[in-house]
1. Taking LEU22 as the residue in question, decide whether it is in contact with a helix residue (DSSP H, G or I) (Cβ under 6 Å, 6 or more places away or on another chain) and in contact (Cβ under 8 Å) with a residue 24 or more places away in the chain.
2. So the check is Cβ under 7 Å with 6+ separation or different chains; which pairs have a first residue in the stretch 38-51 that's farther than 9 Å from VAL26 by Cα and a second one that's polar (S, T, N, Q)?
3. Condition test on TRP14, is it outside any helix (DSSP H, G or I) and at pLDDT 90 or above?
4. For the stretch 27-47, give me each residue that is part of a loop (DSSP other than H, G, I, E, B) and either among the aromatic types (Phe, Trp, Tyr) or surrounded by 16 or more Cβ atoms within 10 Å (Cβ to Cβ) (or both).
5. Can you name every residue in the stretch 64-86 that is surrounded by 12 or more Cβ atoms within 10 Å (Cβ to Cβ) and free of Cβ contacts under 8 Å to residues at least 60 places away in the same chain?
Amino acid sequence: MQWTSVLAIYFLMWVGSAFFLLPFGVRTHDELGMEKIPGQADSAPGNFRPGKLALRATVLAALLTAFFYFNYTQGWITAQDLNFYTPPQALPQYG
């Protein structure tokens, strides 16, 4: 596998990790006891920290990319392992 492919997979894992981790640890202004700005949505986050999110996504993406790479090179799980559909046996031919 080329290093550019690994970099592209890491980037995809990073974006997926960031979206997955986005709702964790975020609290609303009501939950934090903070005053809301007039016109603010009730569900708006009061403690959003993008740097902390990026750090967590970086670590998770590195772990997922490492697992993907080692699975690719070692062949732990293959496409045949994920084939849960078994076609029915061929019908007998009459006549």
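The values are calculated or read from the model by the stated rules, or taken from the named source; none is laboratory data. A quick note: this is a predicted structure, and the numbers were derived from the prediction, not measured. As a convention, Cβ positions derive from the backbone with ideal geometry for all residues, glycine included, and neighbour counts pool all protein chains shown.
1. No.
2. Cβ pairs passing all conditions: ASP42/THR28; SER43/THR28; ALA44/THR28.
3. For TRP14, the condition - outside any helix (DSSP H, G or I) and at pLDDT 90 or above - is not met.
4. GLY46
5. If the condition is that a residue be surrounded by 12 or more Cβ atoms within 10 Å (Cβ to Cβ) and free of Cβ contacts under 8 Å to residues at least 60 places away in the same chain, then LEU64, THR65, ALA66, PHE67, PHE68, ASN71 are the ones that fit.
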